[in-house]
1. Which whole-Hz ³J(HN,Hα) couplings does region 42-52 yield from phi under the Karplus relation 6.51 cos²θ - 1.76 cosθ + 1.60, θ = phi - 60°, glycine and proline marked x?
2. Within 10 Å, count the other beta carbons around each residue, average over each peptide in 65-71, 51-57, 79-85, and list them highest first.
3. How high is the relative contact order of region 14-54, in percent, with contacts defined as C-alpha pairs under 8 Å that are six or more residues apart?
4. Lys/Arg Cβ at +1, Asp/Glu Cβ at -1, dipole of region 30-86 taken about the Cα centre: which of 77, 38, 66 is farthest positive-ward?
5. In percent, how large is the relative contact order of region 33-91, given Cα pairs closer than 8 Å and 6 or more residues apart?
6. Please list the non-local residues whose amide H lies under 5 Å from the amide H of residue 18, H modeled 1.01 Å from N, same-chain partners needing a gap of 5 or more.
7. Starting at the first residue of region 16-21, write each ³J(HN,Hα) from the Karplus equation 6.51 cos²θ - 1.76 cosθ + 1.60 with θ = phi - 60°, in whole Hz, x for Gly and Pro.
8. At 1.4 Å probe radius, can you tell me the per residue accessible area of region 17-91 in Å²?
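The values are calculated or read from the model by the stated rules, or taken from the named source; none is laboratory data. These numbers come from a predicted model, not from an experiment. FYI the Cβ positions are ideal-geometry reconstructions off the backbone, even for glycines, and counts take in every protein chain you see. Note: accessible area is taken over every heavy atom of the protein model, side chains too, but ligands, DNA and RNA are not part of it. Shrake-Rupley method; radii C 1.70, N 1.55, O 1.52, S 1.80 Å.
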Amino acid sequence: RPMAAAPAPAPAPAAPRVLLLGEGDFAFSLALARALPPPAAAAVVATAVDAEDDVRSRYPCAPRTLDALRGLGAGLAFGVDATRLHDAHRP
């Protein structure tokens, strides 16, 4: 009697992704990215409805915060209207 083949191993689960919508000064995004283990910070994608230049000029801490997020590998997207996500595209 032939032996049955062993079942294929289950694929590894995809790393969780975190999408943050409507950030202001991106302080929450930075706190979250810093709380995650270093490779997981890259799974954070933070968005704002404003343009990056507007965020940088409106919030005094934003330049440092955005630079820190990028340094951790987090994704940033600007000009994202959370009410129109179906129209959004990946850069």
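1. For region 42-52, the Karplus-derived couplings read 5, 7, 8, 10, 10, 10, 9, 6, 7, 6, 4 Hz, x marking Gly and Pro.
2. Sorting 65-71, 51-57, 79-85 by mean packing, highest first, produces 65-71, 51-57, 79-85.
3. 53 percent.
4. Ranked along the dipole, the leading option is 38.
5. It rounds to 45 percent for region 33-91.
6. 44, 45
7. Per-residue couplings from phi come out as x, 10, 10, 10, 10, 10 Hz.
8. Dividing the accessible area of region 17-91 by its residue count gives 61 Å².
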